[in-house]
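What follows is a short report on a single structure.
The values are calculated or read from the model by the stated rules, or taken from the named source; none is laboratory data. Since this is a predicted model, take the numbers as computed values, not measurements. Neighbour counts are summed over all protein chains in view; Cβ atoms, including those assigned to glycine, are modelled from backbone coordinates with ideal geometry.
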Amino acid sequence: MTTAPQPATIIGGPVSPYVRKVLAVCEMKGVPYRLDPIVPFLGDDTFSDISPLRRIPVFIDDEVSLCDSTVICEYLEERYPAPSVLPGNAAARAHARWLEEFADTRIGDVFIWRVFYQAVVLPFVFQKPRDKDRIAAAVAEQVPQIMDYLETIAPQDGFLADEVSIGDIAVAVHFNNLAWARVDLDGARWPKTCAWVERTQATPALAKLTRIAGRLAQTPIDQHRKALAELGVGLTETSVATHTPRRGPMTV
Ligand SMILES: N[C@@H](CCC(=O)N[C@@H](CS)C(=O)NCC(=O)O)C(=O)O
């Protein structure tokens, strides 16, 4: 008889797109987890030990303690192969992995660091004013470059492959953060991409996580655990969070 795995611990708040990517894969594969929903800049010394780059997500179970959403999702795919979050043939798998990499690096750099960080993290975590010119420049220059590229690869309908994969998920999660930073995209200019992202965000796992994260995005950080408990999310008993930011705001 196989016993159900003990819940894994995931460190990181679901407002992070990288955390939502990992949570989506857990949800799709039925991997139970408990969350320590920290904002990375508020991590304590234990967090520095567990996450040397002081980034979220971190995934801990009975066998591993892992950093980096891609590494974590690959581990989940190997340990819990069904249902798979990778397409069935080698070429489609490689394409999905490329989109995951593009999302994690380029989309993350622009949507998260140049826009979301400026619009949301600076005022709400560091109590610093947002740099509106910097946000406007990213929205005018880098966001369209990304959208133009995505429009060349976005599927006309469905997903990158037959089923939703890690490539679709990794891209789609970043668009919620852009919306929370109050950036509207022109659906007429990038129709295939906007429709593909919406389809992916509407899949059950991402729809659930977007609802949860959207609520947190409107909730003061010191009330995140309470809000998550009310939403029925399992939480760790202890946290690696402190109340004051450990590191000054990055300039990007
Ligand atoms: N490549 C990493 C990126 C993770 C990442 O950048 N997470 C952000 C939150 S959205 C973070 O922890 N930033 C804190 C920092 O860089 O100091 C992954 O895929 O997990």
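Evaluated against (1) touching a Pro at 6+ places or on another chain (Cβ under 8 Å); (2) among the hydroxyl-bearing types (S, T, Y); (3) over 20 Å from P17 (Cβ atoms), S69 falls short on exactly one condition, (3).
Restricting A96, A91 to residues that are at pLDDT 95 or above, crowded, with 17+ Cβ neighbours inside 10 Å and away from the ligand (no atom under 14 Å from the Cβ) narrows the list to A96. Of the helices (runs of 4 or more DSSP H) lying entirely inside segment 75-154, those containing at least 2 residues that are more than 23 Å from M28 (Cα to Cα) and among the acidic types (D, E) span 143-153.
Just one of the listed residues (E27, E78) is more than 8 Å from the ligand (Cβ to nearest atom) and either touching a Lys or Arg at 6+ places or on another chain (Cβ under 6 Å) or in contact (Cβ under 8 Å) with a residue 24 or more places away in the chain (or both), and it is E27. May I ask you to say which residue of T200, T193, T210 is surrounded by 14 or more Cβ atoms within 10 Å (Cβ to Cβ) and out of contact with any Asp or Glu (no Cβ under 9 Å at 6 or more places or on another chain)? None of the other options fit; the residue is T210.
All of I107, I135 fail the test of being of a type outside the set (G, A, S), away from the ligand (no atom under 14 Å from the Cβ) and in contact (Cβ under 8 Å) with a residue 12 or more places away in the chain, apart from I135. Would you mind stating whether R34 is assigned to a strand (DSSP E or B) and either hydroxyl-bearing (S, T, Y) or surrounded by fewer than 24 Cβ atoms within 10 Å (Cβ to Cβ) (or both)? Yes; evaluated as a whole, the condition is true for this residue.
Across segment 45-71, which residue is farthest from the ligand (Cβ to nearest atom) among those that are part of a helix (DSSP H, G or I) and within 19 Å of V171 (Cα to Cα)? Filtering first and then ranking leaves V71. Of everything in segment 1-24 that is in a loop (DSSP other than H, G, I, E, B) and within 11 Å of the ligand (Cβ to nearest atom), the residue that is farthest from Y80 (Cα to Cα) is V15. Checking L216, L209, L178 one by one, the residue that is touching a residue at least 60 places away in the same chain (Cβ under 8 Å) and in contact with a His (Cβ under 6 Å, 6 or more places away or on another chain) is L216 and no other.
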